[in-house]
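See structure below.
The values are calculated or read from the model by the stated rules, or taken from the named source; none is laboratory data. Values in this document were obtained by computation on a predicted structure and should not be read as measured data. With ligands, DNA and RNA removed, areas are computed over all heavy atoms of the protein, side chains included. Shrake-Rupley method; radii C 1.70, N 1.55, O 1.52, S 1.80 Å.
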Amino acid sequence: MQVLSEARAKELLKTRRLGRVIERVGDIIEVFPVNYDTDGERIVFRTAPGTKLAGFIAAQEVLFEVDELIDAHAWSVVARGQAWLIETDVELAELGSIKPQPLLPTVKEHIAVLEIDSISGREFTIGPEPEAEPETIA
């Protein structure tokens, strides 16, 4: 297992388009799969009115997680940040080339942004479970 640098975590984040938004409102934690786009500093996704949007607005804490497993190689990245909704054409224009598109043919009029405050990750190779060390009594 290798801890990723911030730069490598952002690089990997840019390679995927499907991740999970994790929201905590009070004692309730919700996890929602979303398709997204990112520039490495912001994660942007589109959403419709409902639980995900309400939680995103009210959440005390928002995280985003994405991972991949191919053959014997895997990685996982988690980002934390400030959440907000695009409300003006100026804010929309500031997103530049970040253009998330729905995977399903659905109407998703709200554009949500997670401004990344911190990002971390791990990369590892999958292999057989090692032999356990014999237990000792001290």
>> Please compute the Kirkwood hydrodynamic radius over the chain, one decimal place, Å, based on all pairs of different Cα atoms.
In response: 16.4 Å
> At a 1.4 Å probe, what is the % contribution of carbon and sulfur to the accessible area of the chain?
Replying inline: 55 percent
>> Can you give me the long-range amide H partners of residue 40? Hydrogens built in the peptide plane at 1.01 Å from N, cutoff under 5 Å, separation of 5 or more residues or another chain.
In response: none
> Where only protein heavy atoms count, and the probe is 1.4 Å, what is the accessible area per residue for the chain in Å²?
Replying inline: 64 Å²
> For the chain, what is the calculated [θ] at 222 nm in deg cm²/dmol (nearest 500), taking -39500 (n - 2.57) for each run of four or more DSSP H residues and dividing by its residue count?
Replying inline: -4000 deg cm²/dmol
